[in-house]
């Protein structure tokens with residue numbers, strides 16, 4: 001019995017020390033060399049409201065660029081995907097509903113032209129970016145609703161294209177930053 005209890009107690013003490021002290025200090029140290037000291041990136045809109053630019057926001061009004069759908073309702077405290085496979089009937093119903101809604105709010109667009117990121121949620125449910133194609137396909141709707149020249153909205157989208165992350169992946173557009181600058185346009 002002594003052979004089992006002493007190693008178990010030692011392992012418990014080692015785990016408590018490591019996971020309550022060493023690991024948090026190590027993570028804090030890594031965050032200090034990360035951009036913005038691991039505090040996230042905060043931006044302010046024209047009305048003085050603060051947002052985290054690296055967390056997806058919900059935009060559903062026709063005067064804004066829409067974000068990707070979110071499986072977690074854009075709740076940053078519950079990041080996660082739907083965990084439904086591409087042939088799951090519930091998942092397919094949700095995607096079809098997103099396609100129908102997108103087409104209703106963006107008349108004249110062919111179903112085949114809708115980028116997949118505009119009708120499917122990301123793995124985290126909090127992706128702040130959409131594809132460049134996802135932004136461009138919404139330009140006509142936004143220009144019409146806001147009474148803006150389409151070329152000005154297109155130029156705004158082009159100005160907000162971020163290159164691939166770490167040189168890998170596609171170009172993307174941060175929806176929050178784009179919508180804040182869209183609101184500032186006259």
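Read the figures in this text as sums done on the coordinates, not as results from a lab. Please read these numbers as outputs of a predicted model, since none were measured by experiment. As a convention, Cβ positions derive from the backbone with ideal geometry for all residues, glycine included, and neighbour counts pool all protein chains shown.
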Inset, instruction - Would you mind ranking 185, 168, 103 by Cβ crowding within 10 Å, fewest neighbours first? - result: 168, 185, 103
Legend entry - Gaussian network model of the chain, springs between alpha carbon atoms under 10 Å - residue of 57, 138, 32 with greatest fluctuation: 32
Legend entry - the stretch 56-184 - percent relative contact order, Cα under 8 Å, separation 6 or more: 30 percent
Legend entry - Degrees, to the nearest 10: 150-159 long Cα axis against longest axis of the chain: 20 degrees
Inset, instruction - Assuming a ≥ b ≥ c are the square roots of the Cα gyration tensor eigenvalues, decide whether the stretch 77-182 counts as rounded (a/c under 1.5), prolate (otherwise, with a/b larger than b/c) or oblate. - result: oblate
Inset, instruction - Could you tell me which label, among (1) 78, 41, 31; (2) 61, 30, 27; (3) 46, 36, 30, carries the value of Cα extents along the principal axes in Å calculated for this structure? - result: (1)
Inset, instruction - Using only the Cα atoms of the stretch 26-124, build the gyration tensor, take square roots of its eigenvalues as a ≥ b ≥ c, and label the shape rounded, prolate or oblate: rounded if a/c is under 1.5, else prolate if a/b is larger than b/c, else oblate. - result: oblate
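Within 10 Å of each residue's Cβ, count the other Cβ atoms and sort 19, 41 from fewest upward. Display every interim value, and only then the final one.
Values: 19 10, 41 14.
Ascending number of Cβ neighbours within 10 Å: 19, 41.
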Legend entry - In degrees, nearest ten, helix 175-184 long axis to first principal axis of the chain (Cα): 40 degrees
Inset, instruction - Quick one: compute the contact order of the stretch 1-82, relative version, from alpha carbon pairs under 8 angstrom and 6+ residues apart, as a percent. - result: 12 percent
Inset, instruction - Taking the Cβ of each residue in 50, 91 as the centre, tally the other Cβ atoms inside 10 Å and list the residues starting with the fewest. - result: 50, 91
Inset, instruction - Treating the angle as unsigned and between 0 and 90°, give the value, to the nearest 10°, between the Cα long axis of helix 89-105 and the longest Cα principal axis of the chain. - result: 40 degrees
Legend entry - For the stretch 1-16 versus the stretch 73-137, the gap between their alpha-carbon centres in whole angstrom: 49 Å
Inset, instruction - Mind telling me which of 20, 70, 82 comes out most flexible in a GNM of the chain, alpha-carbon contacts under 10 Å? - result: 20
